[in-house]
Amino acid sequence: MCLTWLPDWRARRGPAGGETIRCPQQVDCCAACPCGFGPFPEVAVHSRSPPGPQQSSTCPTGSPRRRTQRSLVGRRLTPEAVRPGCYIWSDTDERSQVVSVAELPSAQSVPEFDRTPPQDIEAEKSVLGGMLLSKDAIAEVIETLRSGDFYRPAHATIHDVILDLYARGEPADPVTVSAELTRKGELVRVGGAPYLHTLVATVPTAANAAYYARIVRERAVLRRLVEAGTRIVQLGYAGRGGEVDDLVDAAQEEVYAVTERRGSTDYARLSEIMQGALDEIEAISSRGGEMVGVPTGFADLDELTNGLHPGQMIILAARPAIGKALAVDTPLPTPTGWTTMGEVAVGDFLIGADGRPTRVIAATDVMEGRPCYEVVFSDGTVIVADEQHQWLTETRASRQSARAASVGNHRYRNLRTCAAVRTTQEIAETLRCPAVDRRLDHSVANVAPLQLPEADLPLPPYALGVRLGDGASKAAHSSFRAMGVPGAKRIPTVYLRASESQRRALLAGLLDADGSIAPYGAVQFTTMSRKLAGDVRELVVGLGYRCGMSSQPVKGRSPASSTAFTITFSPQDQVFRLQRKKVLHRERSGRALRRVNSRFIVDVRPVSSTRVRCVEVDNDRHLYLASRSMIPTHNSTLGLDLARSAAVKHGLTTAIFSLEMTRNEITMRLLSAEARVALHHMRSGTMTDEDWTRLARRMSEVAEAPLFIDDSPNMTMMEIRAKCRRLKQRHDLRMVIVDYMQLMTSGK
């Protein structure tokens with residue numbers, strides 16, 4: 001096909017008496033050069049020339065162009081058919097016709113594969129004619145059509161001018177539209193003023209303008225579908241060496257963009273909506289209180305909401321890790337010292353359960369009026385937490401089954417006898433075993449040794465420990481003054497936050513100078529200074545030992561004037577350097593208590609509500625240490641619990657888009673919750689054979705759940721929507737969870 005613009009023309013008498021057209025430009029240029037293409041070069045650029053030899057040449061403007069077979073030159077036409085300011089359209093069947101600008105197809109609608117794009121020119125004319133006749137027709141068409149929906153570009157131009165006049169409150173009729181087109185210099189392009197009157201004469205009635213507009217829009221959607229298919233084909237052929245996944249995403253966007261813009265739904269009176277709402281209420285009542293939404297797994301929440309319903313966007317209106325609510329005066333260890341729950345801020349560093357520094361990435365405001373409890377531990381630690389604070393605890397049954405499994409007996413190892421996450425309120429209700437002896441049931445594991453960088457210390461740590469143990473010496477006092485602690489027996493903070501090896505050397509110096517081994521194998525350090533006792537306790541706890549502190553008056557002295565403070569702990573490794581103490585510790589360590597890697601919860605008692613707060617940290621386990629005893633706190637996973645309830649328990653298709661955690665991390669947490677296997681056992685590789693058996697048994701059931709997980713980073717709303725559409729079409733998607741929305745990108 002070929003299209004040639006005739007701004008002027010010259011004719012000569014042909015041999016048969018007819019006129020032969022001489023085209024002013026005999027070269028078809030490329031898209032970069034508009035010469036010879038008339039007022040709509042983009043249309044001519046997309047035209048197809050008949051088969052024939054081609055030669056490359058250069059346009060006067062410097063753009064590359066093609067010299068094609070001059071099928072229009074020498075074409076026999078009658079002089080009456082040729083007019084200046086027209087196009088000559090020639091197809092592959094050697095048929096030529098003169099067309100006005102208004103009769104040209106749009107650039108996007110150039111025929112591909114020698115087929116005519118979907119169109120309805122008569123409907124387009126009727127729409128414009130109705131708009132020129134009636135202002136009401138304009139109001140109806142606005143909600144349905146856009147300029148790009150017209151097949152002919154001239155019709156799109158007329159449509160835009162009518163809308164401009166309508167927006168300014170001016171009349172839109174053939175006269176005013178013609179004047180506006182003249183002012184913009186576009187009247188000739190649309191076919192002149194006579195063409196506007198032709199549009200008015202073409203429309204049967206302006207009352208049907210909205211119906212004509214729907215016809216035009218449907219044809220436009222079909223054309224966009226054809227164009228999308230063409231672009232997808234081009235993506236496939238041009239995708240050599242590129243990312244296939246990116247090409248597939250681009251192809252999906254092309255298809256979804258076809259129906260991206262739909263006609264807006266009209267407003268409705270409340271009286272018209274009321275009947276549908278009453279029908280829905282009656283349908284719900286007929287179920288007799290049966291759950292009609294997606295269950296969340298939280299009984300109180302389901303009772304209030306009757307589940308999550310289609311079309312709802314539910315935002316968990318709580319800060320991250322809201323389950324960890326502690327009193328604002330709770331001490332929190334940091335890599336440089338201490339802070340409190342009330343003082344910590346986003347960007348600060350705390351210490352995780354693995355002993356490594358972890359950054360605070362979110363913090364709640366102070367909360368008041370929440371039910372609170374005092375949780376008392378066997379080492380004397382007391383922590384105030386709200387009733388929903390979560391703890392990972394071992395029970396007597398889990399400890400017994402773990403000991404049996406360690407020697408190959410897995411008979412008692414099952415879902416009921418593993419460490420599990422329990423709230424403060426649940427622990428209060430099950431504090432002691434139900435057996436006759438009523439012994440304590442819940443225990444919490446110790447922290448791992450703090451992993452901190454090596455510090456530049458003014459005095460070797462072992463030497464400082466020896467001098468602190470022998471505090472009466474003048475050398476010790478002079479060392480204290482040099483480090484800024486004159487006249488006091490204290491361990492400087494820089495030593496308490498030094499590397500593990502430096503802190504172990506400091507502890508060895510203290511114990512070699514003033515430590516002892518009890519007959520039952522425990523290691524003890526006694527001092528008359530309460531502050532030094534507190535520092536030694538912090539040192540011992542920071543090395544991963546369970547530590548207790550007791551006090552008693554010195555014989556022969558009044559309690560008010562002198563009290564001895566004793567630090568007691570039972571290490572399984574060697575903590576002395578003096579050979580005689582190392583030998584004695586080795587002999588007696590076998591008599592020490594075996595259960596030294598955890599502490600018991602001895603009491604949970606309600607207290608008056610106090611101000612509480614929680615934070616979130618950026619380590620994988622979302623755990624941080626609290627209190628002077630550095631007790632790990634557990635993180636809650638509300639979003640994952642909702643997904644478990646919907647997909648695993650009720651078989652409803654659920655999708656999780658995690659922009660924070662990997663899919664393996666989510667799966668591990670899911671299996672840990674379902675199989676009752678401690679998550680830290682999975683990560684540390686300390687699972688028993690019974691753990692593996694239980695995990696494999698539960699895995700076969702969980703794998704059948706209709707749960708889909710996507711951990712793509714920097715995901716956009718367009719990508720999430722496209723994936724949800726596919727899941728809805730293929731698996732009847734019922735619930736979508738995005739964790740979390742602040743990590744989404746705009747895609748622009």
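Structural remarks
- Failed item, numbered, when A675 is tested on (1) under 26 Å from Q388 (Cα atoms); (2) surrounded by fewer than 19 Cβ atoms within 10 Å (Cβ to Cβ); (3) at pLDDT 75 or above: (2)
- Every pair of residues 6+ apart whose Cβ atoms lie under 8 Å, when the first sits in region 428-448 and is assigned to a strand (DSSP E or B) while the second is aromatic (F, W, Y) and at pLDDT below 85: V444/W391
- There is no residue in region 451-460 that is crowded, with 21+ Cβ neighbours inside 10 Å and either at pLDDT 90 or above or under 15 Å from T566 (Cα atoms) (or both).
- Subset tally (residues that are buried (at least 19 other Cβ atoms within 10 Å of the Cβ), within 18 Å of L133 (Cα to Cα) and more than 52 Å from the chain's Cα centre (by Cα)) for region 178-196: 3
- Close pairs (6 angstrom Cβ cut-off, 6 or more residues apart or separate chains): assigned by TED's automatic domain parsing to the domain that holds A156 and over 20 Å from V255 (Cα atoms) in region 201-222, of a type in the set (A, V, I, L, M, F, W, C) and outside any helix (DSSP H, G or I) anywhere: A213/L145
- Exactly one residue among S529, S499 is in contact with an Asp or Glu (Cβ under 7 Å, 6 or more places away or on another chain), of a type in the set (S, T, N, Q) and either more than 21 Å from F377 (Cβ to Cβ) or buried (at least 18 other Cβ atoms within 10 Å of the Cβ) (or both), and that residue is S499.
- Condition met for A123 (surrounded by 15 or more Cβ atoms within 10 Å (Cβ to Cβ), at pLDDT 85 or above and not in a helix (DSSP H, G or I)): no
- Filter result for R683 (at pLDDT below 80 and over 15 Å from the mean Cα position of the chain (by Cα)): yes
- Listing of strands (runs of 3 or more DSSP E) fully contained in region 332-400 that carry 3 or more residues being closer than 27 Å to A673 by Cα and not acidic (D, E): 357-363, 372-377, 382-386, 390-393
The values are calculated or read from the model by the stated rules, or taken from the named source; none is laboratory data. For clarity, every value in this text was computed on a predicted model and none was experimentally measured. We place every Cβ from the backbone using ideal geometry, glycine too, and count neighbours over all the protein chains shown.
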